[in-house]
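Peer 1: Structure provided below as structure tokens; questions to follow.
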Amino acid sequence: MIIVIGINRFCAECGATDKPLYENFCDLCYWKYHTIAKPTMSRLGITVCIECYGVKLPLGWTYLNSVNDIPGEIANSAIKFLKANPEAHVDITNVGDVDWSNPKPEFDILYEISENIIEEFEPHQESVLLSIVLERGICKVCVSKKSGSASSVVQLRAKNRVLNVKEVNKYTEMALDISKDQLSENPTAYISDVIENHGGLDFYFGNQWTASNFISKLQRYIVGHKEKNFKLITEDKKGQRVYSITYLFRIPEIQPGDMIDYNNELFYVTHINNRFVSIKSMVDNSKAKVTDWKSLTVLRQTPVEVRKLVVSEDYNTNSYLLMDLTSYESEEISTKRFPAKLEIGSELTLLMWQEEYYLPL
Ligand SMILES: [Zn+2]
Ligand SMILES: [Zn+2]
């Protein structure tokens, strides 16, 4: 025998028996424990391009017809952050005003989310407030517009002289190689022009990143002086200044083969790398590495050629007797002043510099 007992259903929370129930809760109690939206944040930072007022929305940069469209567009695209039930209806009930004079303008968006999917209950509504902070930046399009202009220039110069043909070819090749390497990843890594200017070269790079890579490569190749200059390109309506970087790289005045004055003796440059200048003495072939390359200059006073006859060598005093072939005057010069043996009876052209004789290179 089966006894059927009628039981009045009641709300599991408040015990009410006179209300419609869903999952054992009445309307009021159910919405205490459930929401139709679960916002992932209450505050959202959005970047606005100071050049064109493009907006960086979750899906990427978006370009609008008017600055006034920005808040509404942000309100629309921020709906996804509310994580509302897909069945729910979302209304933007209020979008605050934007004070553009504020460096970081803020405004609030009020959403009203409603749903009518639980048949047992009356339609339900919730409000969500989202604060937006606008950050100023520059969009990709405006960045490439700028760097495509004459703004990312590397000026390569040699101190007190013009670049020689070998240098022009070498450095141009170096710049083109870097550009070629990066073009596959970055379409703005091009070089738009290489111009000979004031005895040096001006390289026009499509972006500043490639330009700074070129500078790094130069610094790994040769000692030089680097300057980084910030040039004002533009100032927008709100007084935001936009700068571009121009590099100057100055390589040494001296070159391999040049005679130089080093501690008041003649040396010549054998090699220059990215850390030092190698030099060799014209007296005894001794070598030195000079890291203070800026102190080395070409000779301000040019050596004078003189014709000499090597008359004899005195083994007691270790000296040569040299006779001048113009004045016929003779003098004794220490054998240590020359890196090689002088042949007795030979006629030589020597260099005279600051009262001393040197064997030419
Ligand atoms: Zn209840
Ligand atoms: Zn822009």
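Peer 1: Residues in the stretch 65-83: is at least one in contact with a Pro (Cβ under 9 Å, 6 or more places away or on another chain) and assigned to a loop (DSSP other than H, G, I, E, B)?
Peer 2: Yes, the conditions are met somewhere in the stretch 65-83.
Peer 1: Which one is farthest from G345 (Cα to Cα), of the residues in the stretch 305-332 that are in a strand (DSSP E or B) and open to solvent by 80 Å² or more (accessible area, probe 1.4 Å)?
Peer 2: E305
Peer 1: How about the stretch 108-146: which of its residues are at pLDDT below 90, hydrophobic (A, V, I, L, M, F, W, C) and more than 16 Å from ligand 1 (Cβ to nearest atom)?
Peer 2: I117, I138, C139, V141, C142, V143
Peer 1: Give the residue, chosen from E23, E13, that is touching a Lys or Arg at 6+ places or on another chain (Cβ under 8 Å), open to solvent by 70 Å² or more (accessible area, probe 1.4 Å), closer than 25 Å to S114 by Cα and within 16 Å of ligand 1 (Cβ to nearest atom).
Peer 2: E13
Peer 1: Looking at the stretch 270-288, can you tell me whether even one residue there is farther than 30 Å from V223 by Cα and surrounded by fewer than 16 Cβ atoms within 10 Å (Cβ to Cβ)?
Peer 2: Within the stretch 270-288 (the criterion being farther than 30 Å from V223 by Cα and surrounded by fewer than 16 Cβ atoms within 10 Å (Cβ to Cβ)), the answer is no, since none of the residues qualifies.
Peer 1: Since K56 meets every condition but one in (1) more than 16 Å from ligand 2 (Cβ to nearest atom); (2) open to solvent by 80 Å² or more (accessible area, probe 1.4 Å); (3) in contact (Cβ under 8 Å) with a residue 40 or more places away in the chain, which condition does it not meet?
Peer 2: So the condition that K56 fails would be (1).
Peer 1: Of all the residues that make up the stretch 159-207, how many are in contact (Cβ under 8 Å) with a residue 12 or more places away in the chain, open to solvent by less than 80 Å² (accessible area, probe 1.4 Å), assigned to a strand (DSSP E or B) and out of contact with any Lys or Arg (no Cβ under 7 Å at 6 or more places or on another chain)?
Peer 2: Number satisfying all stated conditions: 10.
Peer 1: Of all residues in the stretch 59-68, how many are open to solvent by 60 Å² or more (accessible area, probe 1.4 Å) and more than 10 Å from ligand 2 (Cβ to nearest atom)?
Peer 2: 3
Peer 1: Same structure again: Residues that are assigned to a loop (DSSP other than H, G, I, E, B), among the hydrophobic types (A, V, I, L, M, F, W, C) and within 16 Å of ligand 2 (Cβ to nearest atom): does the stretch 84-94 have at least one?
Peer 2: The answer is no, given that none of the residues of the stretch 84-94 is assigned to a loop (DSSP other than H, G, I, E, B), among the hydrophobic types (A, V, I, L, M, F, W, C) and within 16 Å of ligand 2 (Cβ to nearest atom).
Peer 1: So, one more: List the number of the failed condition for I245; all other conditions in (1) outside the structural domain of L201 (by TED's automatic domain parsing); (2) in contact (Cβ under 8 Å) with a residue 12 or more places away in the chain; (3) not aromatic (F, W, Y) hold.
Peer 2: Tallying (1) outside the structural domain of L201 (by TED's automatic domain parsing); (2) in contact (Cβ under 8 Å) with a residue 12 or more places away in the chain; (3) not aromatic (F, W, Y), I245 fails exactly one: (1).
The values are calculated or read from the model by the stated rules, or taken from the named source; none is laboratory data. Please read these numbers as outputs of a predicted model, since none were measured by experiment. FYI the Cβ positions are ideal-geometry reconstructions off the backbone, even for glycines, and counts take in every protein chain you see. Just the protein is used for accessible areas: all its heavy atoms, side chains included, with ligands, DNA and RNA removed. Shrake-Rupley method; radii C 1.70, N 1.55, O 1.52, S 1.80 Å.
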